[in-house]
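Accompanying notes for the structure given below.
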Amino acid sequence: MRILVGTDFSEQAVQAANAAAALANAWGESLVLAHVYSESGFEDFSPRVLSEMATVAGKNLKAEAKRLRETGVTVVDELMTGAPYECLVEKAKPDFVKLVVVSSQGRSAAGRWLLGSVSERVAEAAQVPTLVVREAKPIEDWTAGERPLRVLIACDLSPASDAALKFVKVLQQVGPCDITVGYVDSPLSERARLGLKGPTSLTANDPEVQRVVERDLNRKVQDILGKTRCKVVIEPNLGRPDYAVAHMAAASKADLVITGTHQWHGTARLWHASFSRDILHTCRTNVLCVPISNANSPAGIHPVSRVLVTTDFSKLGNTAIAQAFSLSRSGGVVHLLHVLPVNDYPNPLIGGQMKKLQPTKKEWTKLKRQVEAKLAELIPSEAAELGIESEIEVVEDREPAQAIVQAAERFGADAICLATHGHTGITSTLMGSVAQAVVNQTKRPVHLIKAE
């Protein structure tokens, strides 16, 4: 495996090359130093002048390769012709290159919007991680063993963050890292995800939101990084999340910000917001973009310990409860949920509805306790003997599927278990399906128990 570094012989490119050489020495890898010679914009020049320009570029490349070899790294120089980012991306094949290193050229905002910088385009298109270097010294000091590398991982709960977290293990092969995991959330969006009601702050997380986000984030970090010590920072934010990450990077004095990237291509870049692209523009430190494909490596077995199961108390619905306890394991938790329909206020303009009154708070409490008692009766007697804990929840909602998905988010379910009549085709379209709606709305695994 090799490290590919692109250079245009600028001062920023020298920084990138120095960082790449330090990493190559630390990993014991060789370095491919590439310069892309483009005749674009020089079409009116004579062939002699173009040939002289190519000769000068070749000499500069040889001189830079010689300088890097003096650091002890094995360097292969390569002069290519074409569009810089296209050539670098084509060269950066996963079976040949471990990492691409490029410099940040500091293109103006207007130029970035119209054209995109080489570093941005490489980061969005390369199949391997791309390191955009602004300052090489922190990386050089770290690889020399002089101090830990301060790393900020811009994390959320998506597979893109899995890729970013996994690459930290590669960095830890070089030396110790002081790791901060940064999560930026919108208080309103998080409350909607969890189905929380009532007034709230626009600039701070509710205690329930904070608890759930911390729980889910810590579980993700632990699943991927194991017992690695790291600091988790959660910052509520109503504005652009990249600004919040830049603030975290400054506060933690990060030497490197790591983010995952979905790598939208072509016209898709115009319709999909790119968090990694924004991070490249906003953060004033080194940035490592890890493609989501790096998260698709074979994962270890993740045991199912927290299962949410819902029933409508029908014979079919109740069969899902036994299945839920079968999925769980000793030390696990099964969360039994029942969704009560909303009893709307009567419409005085429609006759015969005046008897349809909302239950009082006392009546609602009594009904809730009755339903909780019915759920408790359905808990298998052997659950306690197997070391499986049980929880019970009753909620009221007009949309049962939405209530189930939100409850699963609050509970942090490893799996959702529910029964389905298995209607398909036009029958499903006419009757609707809570199970189908749950599958469509949740990102968590769903186990469906079909009617016999």
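The values are calculated or read from the model by the stated rules, or taken from the named source; none is laboratory data. Just so it is clear, the structure is predicted and the values come from calculations on it, not from any experiment. Counting neighbours? That spans all protein chains shown, and the Cβs are built from the backbone with ideal geometry, glycine included.
Note down all Cβ pairs under 7 Å where the first residue falls in region 432-448 and is within 13 Å of residue 401 (Cα to Cα), the second is at pLDDT below 90, and they're at least six residues apart or on different chains.
Between residues of region 432-448 that are within 13 Å of residue 401 (Cα to Cα) and residues that are at pLDDT below 90, the close pairs are 433/420; 433/423; 435/420; 436/428.
Table: residues versus (1) assigned by TED's automatic domain parsing to the domain that holds residue 287; (2) exposed (fewer than 15 other Cβ atoms within 10 Å of the Cβ); (3) among the basic types (Lys, Arg); (4) closer than 26 Å to residue 149 by Cβ.
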position: 15; (1), (2), (3), (4): no, no, no, yes
position: 28; (1), (2), (3), (4): no, yes, no, yes
position: 48; (1), (2), (3), (4): no, yes, yes, no
position: 56; (1), (2), (3), (4): no, yes, no, no
position: 60; (1), (2), (3), (4): no, no, no, no
position: 80; (1), (2), (3), (4): no, no, no, no
position: 84; (1), (2), (3), (4): no, no, no, no
position: 95; (1), (2), (3), (4): no, yes, no, no
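Which of the residues spanning region 1-48 are part of a helix (DSSP H, G or I) and modelled with pLDDT under 90? Talk me through it step by step, then tell me what you get.
Here is the first cut: in region 1-48, the ones part of a helix (DSSP H, G or I) are 11-27, 47-48.
Answer for region 1-48, where residues must be part of a helix (DSSP H, G or I) and modelled with pLDDT under 90: 47, 48.
Within region 375-384, track down each residue that is more than 17 Å from residue 327 (Cβ to Cβ), exposed (fewer than 11 other Cβ atoms within 10 Å of the Cβ) and of a type outside the set (Ser, Thr, Tyr).
Within region 375-384, just 377 meets the criteria.
Scan region 217-259 residue by residue and report those that are at pLDDT 90 or above and of a type in the set (Gly, Ala, Ser).
244, 246, 249, 250, 251, 252, 254
Do you know which of the residues in region 189-240 that are assigned to a helix (DSSP H, G or I) and of a type in the set (Asp, Glu) is surrounded by the most Cβ atoms within 10 Å (Cβ to Cβ)? Don't jump to the end; show me each part of the working.
The initial filter retains those residues of region 189-240 that are assigned to a helix (DSSP H, G or I), namely 189-194, 207-225.
Checking the rest, the ones that are also of a type in the set (Asp, Glu) come to 190, 208, 214, 216, 223.
Working: 190: 21, 208: 13, 214: 14, 216: 15, 223: 13.
Within region 189-240, the match that is surrounded by the most Cβ atoms within 10 Å (Cβ to Cβ) is 190.
Looking at 254, 160, 244, can you tell me which residue is surrounded by 19 or more Cβ atoms within 10 Å (Cβ to Cβ) and in contact with a His (Cβ under 7 Å, 6 or more places away or on another chain)? Step through it out loud before you land on a result.
Values: 254 fails: in contact with a His (Cβ under 7 Å, 6 or more places away or on another chain); 244 fails: in contact with a His (Cβ under 7 Å, 6 or more places away or on another chain).
Checking each option against the conditions leaves just 160.
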